[in-house]
Amino acid sequence: MTDSLQTTPTTELLTDDPTWWRQAAVYQIYPRSFADSNGDGIGDLPGITAKVPYLTALGVDAVWLSPFYPSALADGGYDVDDYRDVDPKIGTLAQFDEMITALHGAGIKVIVDLVPNHSSDRHVWFQEALAAPAGSPARARYIFRDGLGEDGELPPSDWTSIFGGPAWTRVADGQWYLHSFASEQPDWDWDNEEVREDFLTTLRFWSDRGVDGFRVDVAHGLAKSLPEVLPSKAELDALPKADGDHPVWDRDEVHEIYATWREVFDSYDPPRTAVAEAWVEPSRRARYASAEGLGQAFNFDLLEADFDATAFHDIITYNLKAADESGSSTTWVFSNHDVVRHPTRYGLPPLAGREIKQGAEWLLAGGDASEVDAERGLRRARAASLFMLGLPGSAYVYQGEELGLPEVGDIPEAQRQDPAFFRNPGVDVGRDGCRVPLPWERTGESFGFGPGPAHLPQPTWFRDFSVEAEEGDPTSTLSLYRAALAARRELQTDETLTWEAVADTGAVAGAEPQVLHFSRPGGWHVVCNFGPTPVAMPTGEVLVASGPLGDAGEGPGSGADAVLPGETAVWLRA
Ligand code: GLC
């Protein structure tokens, strides 16, 4: 690996460029598991503030904070009690202000997570709804229905929640409310004007506090149209999902809501940004990403793909075109707080028919680390990430990914927290394994996460992935991310890419199953060998490499006869 670009990124003043988000490197912080300042085992806002120098050295342009709002943590904070406050376990509004000042002072933008599909059952309006009678205005903010059966003792439909178990829960007077996720997460009724107004107030509240953008949770769920007689689960599942008329998901009129949000975003200078978490057909992403709507949408296609040149080529080509058509830029993601970390996924044998939850089967079978080819998984993850960081568009990096941290597969049942585990026994183990608090040091009760314990158990091998262990090692994953992000900042220009012919075969990349090679303006070349065997490397000055480079001759692997080893990516300057 060359160290020619391993300089510490210069601290810039916060830019007012309204297009800052288009090619930003965004670091996702899961606050409860990032850094704990007070030793209570739960990460907090002062913990984040204390790590601003780390984020600066890493070289990210923005952070996205998963929810930090008051919450009973029925779903890791995605059950929000109060949208305009900070959970006392995590900090205070004053500490939020200190954090944002520190991040902005380091030139880092701040994106917060907004959870508009559902509140928590402790939200004041849900408590009001419970205390109010059926048919009251307080109930109209949520989705209440009478039950079926003689005394309404059966749920209004047999729908199941995303986390398993029934999607309806009965309240004391016999009515039922809808929850697409856990029963502690009642769905809002977005036909309700007060709900709409209240979210506009929330958008202004955080925007006034200096927040630069919003990550919109379950953005495809808000608008619903439930007929008087509800379809069965089987009927619901059989309905088309991409025609804008599904009763629950991805309805066309959800965009009317986002148009009102856009007016709020655009009333700020620079305009506030948003990125939609919308699990919709790729062809339906464009409207979420449009300039009249949220402006950008996550594309999880690489996250769902195997480490495969053809798959990567097709996904990249499709998404760049789609983003261009919508006037947005695309997003790239390999890991987040909902999925098995990618070094682990890539170390598992491929499974036929595997879809969104890669690695879920392995977790369910006990998450035995000995079944993972850890070395290969990390090698591939590093290659994939370096390749991705060279792409046009914004890159999302999930905390710990820059350490090459694997999934913790074997968390004891008694210590699990995720509702997906409790609501779906034997079917889903949940997402705790990617949410284990970060290791900052080799030693200590929680490897430097805080002065006390960690709220999820950290395995002893975490010490080898600690920041302390990796910081001084030029071959570590942390050094790789730092080098790549520093170089990216320097090299990033137009949002364009040109696929290059692959030298050793003369074939156009994409038709060639092992190697992909693209160039960006200014002579920046990105090459990845997805196959297991070495290939000839294009000539050029090596800027960053995801692993050791072979060389048939002398020197650092950049000569005419240099080789690119298997499962390795490299950035070159032509
Ligand atoms: C999103 C979040 C996930 C959460 C769910 C319900 O998918 O990423 O963590 O459980 O929404 O809010």
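The values are calculated or read from the model by the stated rules, or taken from the named source; none is laboratory data. Please read these numbers as outputs of a predicted model, since none were measured by experiment. Note that each Cβ is placed from the backbone with ideal geometry, even for glycine, and that neighbours are counted across all protein chains shown. Side chains included, ligands, DNA and RNA excluded: accessible areas come from the protein's heavy atoms. Shrake-Rupley method; radii C 1.70, N 1.55, O 1.52, S 1.80 Å.
Dipole of segment 73-207 computed with +1 at Lys/Arg Cβ and -1 at Asp/Glu Cβ about the Cα centre; of Y142, S180, M99, farthest Cα towards the positive end is M99.
The label-point distance for D237 and D266, in a model that sets each label 7 Å from Cα toward Cβ, rounds to 4.2 nm. Amide H contacts for T568 (H built 1.01 Å from N in the peptide plane; partners 5 or more residues away or on another chain; cut-off under 5 Å): N529. The listed peptides 64-72, 421-429, ordered by packing as a protection proxy, come out as 64-72, 421-429 (highest mean of other Cβ atoms within 10 Å first). Across segment 8-100, Cα pairs under 8 Å and at least six residues apart give a relative contact order of 27 percent. For the chain, the antiparallel share of DSSP beta bridges with both residues in that region comes to about 55%.
Could you give the angle, 0 to 90 degrees to the nearest 10, between helix 93-105's Cα long axis and the longest principal axis of the Cα atoms of the chain? Around 30 degrees separate the two axes. Taking the C-alpha atoms only, the angle from helix 374-389 to the longest principal axis of the chain is near 90 degrees. Can you classify segment 373-485 as rounded, prolate or oblate using the Cα gyration tensor, where a ≥ b ≥ c are the square roots of its eigenvalues, rounded means a/c under 1.5, and otherwise it's prolate if a/b beats b/c and oblate if not? The shape class here is oblate. Between E197 and T533, the C-beta separation translates, for a Förster distance of 60 Å, into a calculated FRET efficiency of about 0.50.
What do you get for the angle between helix 309-326 and the principal long axis of the chain? Use alpha-carbon atoms, 0 to 90 degrees, nearest ten. The angle comes out at about 60 degrees.
Given an 8 Å cut-off on Cα distances and at least 6 residues of separation, report the relative contact order of the chain as a percent. Taking the mean separation of contacting Cα pairs over the length of the chain, I get 15 percent.
Across the cross-link table entries K109/K321; K241/K321; K89/K109; K51/K224, which are compared at the Cα atoms, the separations over 30 Å belong to K51/K224. Segment 78-123 and segment 287-345 have Cα centres lying 26 Å from one another. Computed from the Cβ-Cβ distance with R0 of 22 Å, the FRET efficiency linking E256 to R122 stands at 0.15. For segment 266-335, the relative contact order is 33 percent, taking Cα pairs closer than 8 Å that sit 6 or more residues apart in sequence and dividing their mean separation by the residue count. Distances between placed amide hydrogens fall under 5 Å for V275 paired with F214, R215, V216, all partners being 5 or more residues away or on another chain.
Full extension of the chain between D245 and N38 yields a length gain of 69.6 nm, computed as 0.36 nm times the residue separation minus the alpha carbon distance. Under 14 Å from a point 7 Å along the Cα-to-Cβ line of D146: which residues of segment 208-250 have their amide N that close? Answer for this model: 228-230. Charging the Cβ of each Asp and Glu at -1 and of each Lys and Arg at +1, and nothing else, the dipole of the chain about its Cα centre rounds to 780 debye. Taking packing as the residue-averaged number of other Cβ atoms within 10 angstrom, the listed peptides 455-462, 489-496, 21-28 run from highest to lowest as 21-28, 455-462, 489-496.
Calculate what fraction, in whole %, of the accessible area of the chain sits on carbon and sulfur atoms when a 1.4 Å probe is rolled over the protein chains. Ligands and nucleic acids excluded, carbon and sulfur give 53 percent. Multiplying the residue separation of L154 and R204 by 0.36 nm and removing their Cα-Cα distance gives an extension gain of 13.9 nm. For segment 352-414, GluC sites (Glu not before Pro) meeting the loop criterion (DSSP other than H, G, I, E, B) and having at most 14 other Cβ atoms within 10 Å: E355.
Leaving out ligands and nucleic acids, and using a 1.4 Å probe, what accessible area per residue does the chain come to in Å²? Per-residue accessible area for the chain comes out at 37 Å². Compared with the direct C-alpha span, the chain from D17 to E471 gains 160.2 nm at full extension, assuming 0.36 nm per residue. Taking a Cβ cut-off of under 10 Å around F298, the surrounding Lys, Arg, Asp and Glu residues balance to a net charge of 0, with basic ones at +1 and acidic ones at -1.
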